[in-house]
Amino acid sequence: MRYVAPPGMELEERENLKTIGRYEILEALGKGTMGIVYKARDPLLDRIVAVKTIVSPRGSGRQNRKAYLERFEREAKAAAKMQHPSIVTIFDVGSEEGQPFMVLEYLPGDSLADRLDKVRIPLGKGVQTALDLAAALGFAHSERIVHRDVKPANVLNAGDNRWKLADFGIARMPDSDLTQVGVFMGTPGYAPPEAVSQGRYTPQADVFAWGAVLYELLSGRIPYEGPDTRTTNGYVLKKTARSPREFDSSIPEVLAEVCMTALHPSIDVRYADGHVARAALEESWERCINEELVGPRAFSGREVPHDRAPKLMHSGATGLVPAISENSGPPFSLSEVRVGDDDPTKIMAIRTPQELARLRGEETDPNAAIVAAAKKAANHNDELDIEAAAGYGDDTESELLLSDAPKAGLWAAVLFAALLTGGLLAYYVINAL
């Protein structure tokens with residue numbers, strides 16, 4: 001239902017569109033529920049921008065349509081005053097042939113929805129993304145602006161692991177008197193019960209949607225998902241969301257609690273606004289770090305395609321164990337693994353033949369204990385000659401040698417024995433004379 005306009009609204013795409021206002025259209029970037037986004041050029045400032053046309057009501061009377069356009073322009077201008085590092089900047093608003101449009105900063109990266117469709121995100125990155133979005137919402141709420149359509153598709157990649165909240169096209173003032181009663185204008189699964197049943201949007205509606213985004217960042221799943229808008233909204237009204245820990249128990253309980261509080265059906269329990277939600281998540285994340293509730297993977301793990309993601313995505317080491325396959329290389333090899341995307345530090349992961357066999361589910365060689373004991377006894381840093389040891393039988397323990405064992409001790413013993421023998425021989429010769 002992503003591309004279906006709300007009741008009483010319809011999406012109109014004009015063919016061979018060359019300009020919108022003063023902006024030269026270069027290409028269509030995408031089509032969403034509330035409009036079409038174009039890549040365009042601003043000839044006045046000679047810069048690339050994104051121009052989004054906004055759906056407007058049709059067939060509802062001239063006065064209603066005029067009131068809608070006036071409201072859009074007023075609220076879009078208010079949104080344009082918001083300058084925040086996690087909010088897409090609005091440069092301009094206007095209308096052409098009765099169709100309103102917004103001019104935004106152009107971000108060529110993908111959306112968070114595109115990213116989450118492909119991969120699971122490490123816990124640290126997911127929490128930081130949610131913190132940035134909560135900060136953006138807190139700033140908007142302090143300006144008395146409610147977004148009303150927070151979802152991964154409206155979160156755009158700004159590079160360097162930074163994300164920005166976009167699409168204030170249906171944003172409104174909390175006290176606006178022009179809201180269309182009974183018209184659902186959010187996205188199914190991200191709109192709270194009071195928006196679905198009453199069309200009521202407050203900052204807490206944005207908090208609910210933010211909780212749904214956090215849920216997906218943590219678990220890789222959507223809290224409410226059905227085959228159509230009616231079914232999905234029905235799930236929301238029935239309050240059927242399960243804790244994300246039911247899908248991935250490696251998610252710390254304190255983070256799951258933040259997520260479920262944001263998704264709570266009652267506004268008396270839900271966080272009051274973006275500022276409160278951010279403070280709660282920040283406090284919980286600090287607790288995860290201070291109480292060691294998360295492992296190294298939370299900070300240095302990589303994004304993993306869904307079909308390769310482990311069941312417990314956020315637990316254990318940072319993937320130091322290399323993928324085991326028939327071509328894993330020679331036994332007792334060193335595997336070089338990146339620690340993080342922005343950190344050139346490397347870690348060397350050592351795997352003995354027995355560890356590799358155990359990871360493959362194979363039987364461990366009975367000679368492994370002999371090899372390990374010999375290496376421990378040698379107490380040196382050189383690699384063991386595994387190939388030589390692999391051919392030994394049960395009765396060859398005494399024959400085990402280390403290929404590069406230090407020979408200085410042996411030569412010292414031989415020299416000492418020779419000197420002792422020579423000394424004794426000289427003693428007997430002298431006494432005999």
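The values are calculated or read from the model by the stated rules, or taken from the named source; none is laboratory data. Bear in mind the structure is a predicted one, so any value in this text is a computation, not a measurement. Quick reminder, even Gly has a Cβ in these numbers, built from the backbone with ideal geometry, and neighbours come from all protein chains shown.
A compact table of results
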read-out: Residue among Gln83, Gln128 that is exposed (fewer than 15 other Cβ atoms within 10 Å of the Cβ) and either within 27 Å of the chain's Cα centre (by Cα) or under 27 Å from Val254 (Cα atoms) (or both); value: Gln83
read-out: Selected residue [among the charged types (D, E, K, R) and at pLDDT 85 or above] from Glu105, Glu97; value: Glu105
read-out: Selected residue (criterion: surrounded by the most Cβ atoms within 10 Å (Cβ to Cβ)) from residues of segment 188-211 that are in a helix (DSSP H, G or I) and under 22 Å from the mean Cα position of the chain (by Cα); value: Asp206
read-out: Residue count, segment 61-80 (criterion: surrounded by fewer than 14 Cβ atoms within 10 Å (Cβ to Cβ) and closer than 19 Å to Val146 by Cβ); value: 2
read-out: Looking only at segment 241-276, and only at residues there that are hydrophobic (A, V, I, L, M, F, W, C) and in a loop (DSSP other than H, G, I, E, B), the one that is nearest to Arg297 (Cα to Cα); value: Ile251
read-out: When residues of segment 92-118 are limited to those that are more than 8 Å from the chain's Cα centre (by Cα), aliphatic (A, V, I, L, M) and more than 30 Å from Gln63 (Cα to Cα), the one surrounded by the most Cβ atoms within 10 Å (Cβ to Cβ); value: Leu112
read-out: Residue pairs meeting the criteria (Cβ under 6 Å; at least 6 apart or on separate chains; first among the acidic types (Asp, Glu), in segment 214-240; second not in a loop (DSSP other than H, G, I, E, B)); value: Glu216/Leu116
read-out: Residue count, segment 252-287 (criterion: surrounded by 18 or more Cβ atoms within 10 Å (Cβ to Cβ), under 10 Å from Gln204 (Cα atoms) and of a type in the set (A, V, I, L, M, F, W, C)); value: 4
read-out: Spans of strands (runs of 3 or more DSSP E) in segment 82-166 with at least 3 residues under 30 Å from Lys311 (Cα atoms) and without any contact (Cβ under 8 Å) to a residue 60 or more places away in the chain; value: 155-159
read-out: Selection from segment 156-195 of residues that are among the hydroxyl-bearing types (Ser, Thr, Tyr) and modelled with pLDDT of 90 or more; value: Tyr190
